[in-house]
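Below is one structure, written out as structure tokens, with a few remarks after it.
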Amino acid sequence: MPEAPISTSVQMVQDLHIHTTYSASDTSVVPEMTIALVAAVGHAKVVGISDHFENLVDGVFDAYAWEVRNAGLKLGVEVDGHAWAAEAADYPVDYYLYHCRDRRADYRGLEALLATRRPVIIAHPNAFGTDWRQLPPACHMEINNRYVWRSDWWAYYAPIRDRFPFVLGSDAHQPNWLGQSVARHVATRLGIEERVLF
Ligand SMILES: [Zn+2]
Ligand SMILES: [Zn+2]
């Protein structure tokens with residue numbers, strides 16, 4: 001077990017969107033971004049790892065799951081749309097992040113994940129132009145520190161403030177991305193209170 005993190009005054013409530021070196025196809029991840037490092041930083045009270053699901057199939061998942069759990073973190077995966085949804089539903093994770101592009105197949109694929117009754121977080125929906133009208137109210141909407149500022153977040157999120165539960169995520173790929181300052185600013189401006197899932 002890694003050392004228990006020493007809590008800091010800037011500790012966040014929850015961060016469930018974090019990538020590590022297990023996201024092998026993602027060129028934004030640096031070699032230093034290991035599960036052990038994330039656990040040691042302890043930037044949030046609840047920390048979950050959500051590496052790309054397509055990088056975890058073919059026998060990698062078991063080692064990933066063991067390492068995440070052994071570090072005392074929540075076990076997630078980020079699922080890239082309908083092509084991976086049915087397979088991902090069979091894996092014993094704590095929660096899903098889901099790439100839901102604005103297409104019918106992706107809204108349908110979502111149903112397989114929701115049927116597991118585990119939390120499903122719609123990842124950076126403003127960046128994908130996800131049509132929230134197509135989403136069941138059981139979905140959690142993400143305010144993503146990496147992407148939220150790249151669009152007119154007021155126009156996207158203000159109409160749905162009371163329709164969905166919200167989760168804030170860093171989408172960290174590097175150690176210095178472990179933060180949610182912009183996402184928290186946006187949530188405060190919108191009057192949104194995050195839902196703590198674990
Ligand atoms: Zn993503
Ligand atoms: Zn991500």
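The values are calculated or read from the model by the stated rules, or taken from the named source; none is laboratory data. Keep in mind the model is a prediction, meaning the values are calculated, not measured. Positions of Cβ are generated from backbone atoms using ideal geometry, with glycine treated the same way; all protein chains shown enter the neighbour counts.
Just a few scattered comments:
- Residue check, Val167 surrounded by 12 or more Cβ atoms within 10 Å (Cβ to Cβ) and under 22 Å from Val79 (Cα atoms): yes
- Residues satisfying the stated conditions in segment 151-180, i.e. within 23 Å of Ser25 (Cα to Cα) and free of Cβ contacts under 8 Å to residues at least 40 places away in the same chain: Asn176, Trp177
- Any hit, segment 76-94, residues being free of Cβ contacts under 8 Å to residues at least 12 places away in the same chain, among the small types (Gly, Ala, Ser) and away from ligand 1 (no atom under 16 Å from the Cβ): no
- In segment 123-133 there is no residue matching the filter, namely being away from ligand 1 (no atom under 14 Å from the Cβ) and polar (S, T, N, Q).
- Residue ID - nearest to Glu67 (Cα to Cα), chosen from residues in segment 14-32 that are of a type in the set (A, V, I, L, M) and within 12 Å of ligand 2 (Cβ to nearest atom): Ile18
- Within segment 46-101, the residues that satisfy the criterion of being closer than 18 Å to Ala172 by Cβ, of a type in the set (Gly, Ala, Ser) and crowded, with 18+ Cβ neighbours inside 10 Å are Gly48, Ser50, Ala71, Gly76.
- Some residue of segment 41-58 being within 24 Å of Phe166 (Cβ to Cβ), within 16 Å of ligand 1 (Cβ to nearest atom), out of contact with any helix residue (DSSP H, G or I) (no Cβ under 9 Å at 6 or more places or on another chain) and hydrophobic (A, V, I, L, M, F, W, C): no
- Count of segment 181-196 residues which are of a type in the set (D, E, K, R), without any contact (Cβ under 8 Å) to a residue 40 or more places away in the chain and not in a helix (DSSP H, G or I): 1
- Residue check, Arg150 basic (Lys, Arg), within 16 Å of ligand 2 (Cβ to nearest atom) and either surrounded by fewer than 17 Cβ atoms within 10 Å (Cβ to Cβ) or under 15 Å from Val13 (Cα atoms) (or both): yes
- Cβ-Cβ distances below 6 Å connect the following pairs, each with a first residue in segment 133-149 that is farther than 23 Å from Thr116 by Cβ, a second residue that is among the acidic types (Asp, Glu), and a separation of six or more residues or different chains: Arg146/Asp171.
- Residue among Glu87, Glu67 that is closer than 28 Å to Gly129 by Cα and of a type outside the set (Phe, Trp, Tyr): Glu87
- Unmet requirement for Gly109, which otherwise passes all of (1) at pLDDT 95 or above; (2) over 19 Å from His17 (Cα atoms); (3) within 16 Å of ligand 1 (Cβ to nearest atom); (4) surrounded by fewer than 21 Cβ atoms within 10 Å (Cβ to Cβ): (4)
A quick yes/no check of all residues on (1) within 13 Å of ligand 2 (Cβ to nearest atom); (2) crowded, with 16+ Cβ neighbours inside 10 Å:
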{"residue": "Leu114", "(1), (2)": "no, yes"}
{"residue": "Pro119", "(1), (2)": "no, yes"}
{"residue": "His124", "(1), (2)": "yes, yes"}
{"residue": "Thr130", "(1), (2)": "no, yes"}
{"residue": "Pro137", "(1), (2)": "no, no"}
{"residue": "Asn145", "(1), (2)": "yes, yes"}
{"residue": "Arg163", "(1), (2)": "no, no"}
